Amino acid sequence: MLENLLIQFEKLLEEALECPLGDEDFEESGVVVSLDRGIAIVNGLSGVKNQELVRFPGDVMGMVYNLDPDDIGVILLGGYEHIKAGDAVTRTDRVVAIPVSEDFLGRVINPLGEILDGRGAVLANGWFPIEREAPSIMHRAPITEPLQTGIKVVDAAVPIGKGQRELILGDRQTGKTAIAIDAIINQKGKEVICIYCSIGQQISSVTKVMNALKNNDALSHTILMVAGSEDPPGLAYIAPYAATSLGEYFMGKGKDVLIVYDDLTKHARSYRELSLLLERPPGREAYPGDIFYIHSRLLERATHLKKEYGGGSITALPIIETQAENLAAYIPTNLISITDGQIYVSPKIFQMGNLPAVNIGASVSRVGGKTQLPAYRQVTSALKLTYSQFEELEIFASFSARLDDATKLILERGYRIRKILNQPQYSPMDVMEQIGVFLAVVNGALDFLPLEQMEEAEEIIRMLVKEDEGFRKSIEKGEKIEGEKRDEFLKRVVEKIRKELVTEG
């Protein structure tokens, strides 16, 4: 019996050896053992590699994430309702990658590069892996150019440079996304490509963002990448990496890119969900031990390259949500330590009606100040000092203490600075006009005006700056506004405002 089996085996082996290897199509396959909320446990596929793509029935893709001795854990990247235990799984011998192309501008896509807006396919120029190594230190250039958001309080108090990573954080419904959208709108005509990466948001929220960009003519320079709340958690997890790879394609071509991650709190939660389902050991707040690493390796890819390596830049604006103003929570402290500064949006300031509700005292930019125009840096240094003095004195004055004239002057000027920092949404302001407005308010040119007339005074100053070509050119050349030049500008501001506002009133 055994002899007959050996003879049959020898014949089959001889037949197999006679066939040319190229004529045979070998495909390694495995079997689904179990399935649970976006995670599949697969038996077999002994040669599979970490983060390799595998294919499930219905052409659903999955990313290998756990390599255990007996089976593998796979993160599913598509609808898995039809997949069941016993289904075959095959290797693709490639990692998760996203197609890259200039034609994605103005389109809505998912993290796999699939079109979601129903306006036809896009021809890819190539494929970039979603996980790419961050540029080395020797390939990076200093951050020297400002990225103007058009938001007065941000450009003045927490300026951002091209290649910087500036965190936006605050409680929910305080205007975090509004700041990021205004920054995207302000890049119109500035040759900056914007990528808005929505992570775990509801479709209604994404539609609202898309309509805002379309209404403000900002969709043509923007790519919307969407991993919705109804999508598997695997898509939410890979979304920011895919958006960054897309940005790196443009950066390599020497272009400046602005990426908004909205938001990394939901990204961290999706990763926690996947990790717990894959039975990875939980740590603080049930997050896995490598939660810091998943964000650091993402944000380290934002940089400004040297000219010989493309010369482009990626500026990152990650958004995270705090609970009850707790900045010392796990994820916020992680992101604060990774980024180059933070814009803190305070619910108390929001409730007072001062929008955008940026808390200047708790916000900081560790890089962007070096990129500001000399005239702007000169004006805003006085602005921040005056405003911080005002905030301290405002608390003291609330006790109805008797105040001397100098203290009253600081308070009155502080109220005007606070009023002038208010700005309606979708109304970015040119940097030259910002300098003119701040120059006037810091030097007391608006002290005589009642607060309710500040908006009208601001419009008058903006018109004066637009008409004064010499004023604008001197700032562009890097000159400071001092001496006679400053006095002459302030004189014209006071005369114009008195003529148009005071006499009429």
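The values are calculated or read from the model by the stated rules, or taken from the named source; none is laboratory data. Every value quoted in this text rests on a predicted model; they were computed, and no experiment measured them. Don't worry about glycine lacking a Cβ; one is built from the backbone with ideal geometry, like all the others, and counts go over all protein chains shown. Heavy atoms of the whole protein, side chains included, go into the accessibility calculation; ligands, DNA and RNA do not. Shrake-Rupley method; radii C 1.70, N 1.55, O 1.52, S 1.80 Å.
Here is the figure for segment 209-256: residues that are among the basic types (K, R) and at positive phi total 0.
Per the listing R165, R119, R107, R172, the residue uniquely under 20 Å from the mean Cα position of the chain (by Cα), over 21 Å from M63 (Cβ atoms) and exposed (fewer than 14 other Cβ atoms within 10 Å of the Cβ) is R172. Can you list the strands (runs of 3 or more DSSP E) found entirely within segment 192-267 that contain at least 1 residues being farther than 21 Å from E131 by Cβ and open to solvent by 20 Å² or more (accessible area, probe 1.4 Å)? Hits in segment 192-267: 256-262. Comparison of V122, V153, V60 shows that the only residue that is in the same structural domain as A242 (by the TED database), of a type in the set (A, V, I, L, M, F, W, C) and at pLDDT below 95 is V122.
Scanning segment 425-435 turns up no residue that is more than 30 Å from the chain's Cα centre (by Cα) and either among the aromatic types (F, W, Y) or not assigned by the TED database to the domain that holds K152 (or both).
Scanning segment 278-322 for residues that are more than 30 Å from P142 (Cβ to Cβ), in contact with a helix residue (DSSP H, G or I) (Cβ under 8 Å, 6 or more places away or on another chain) and open to solvent by less than 20 Å² (accessible area, probe 1.4 Å) yields Y287, P288, I291, T322.
Checking every residue in segment 483-500 against the condition of being outside any helix (DSSP H, G or I) and in contact (Cβ under 8 Å) with a residue 40 or more places away in the chain gives zero matches. Of the residues making up segment 447-501, those that are more than 25 Å from G414 (Cα to Cα) and surrounded by fewer than 17 Cβ atoms within 10 Å (Cβ to Cβ) are K466, E467, D468, E469, G470, K473, S474, E476, K477, G478, E479, E484. Each residue in segment 179-209 was checked for being without any contact (Cβ under 8 Å) to a residue 40 or more places away in the chain and among the small types (G, A, S), and 3 of them qualify. With respect to A236, is the statement that it is free of Cβ contacts under 8 Å to residues at least 40 places away in the same chain and within 26 Å of G312 (Cα to Cα) true? No. Considering only segment 274-288, I want to know if a residue exists there that is of a type in the set (D, E), outside any strand (DSSP E or B) and either within 27 Å of G310 (Cα to Cα) or more than 24 Å from the chain's Cα centre (by Cα) (or both). The answer is yes, given that some residue of segment 274-288 is of a type in the set (D, E), outside any strand (DSSP E or B) and either within 27 Å of G310 (Cα to Cα) or more than 24 Å from the chain's Cα centre (by Cα) (or both).
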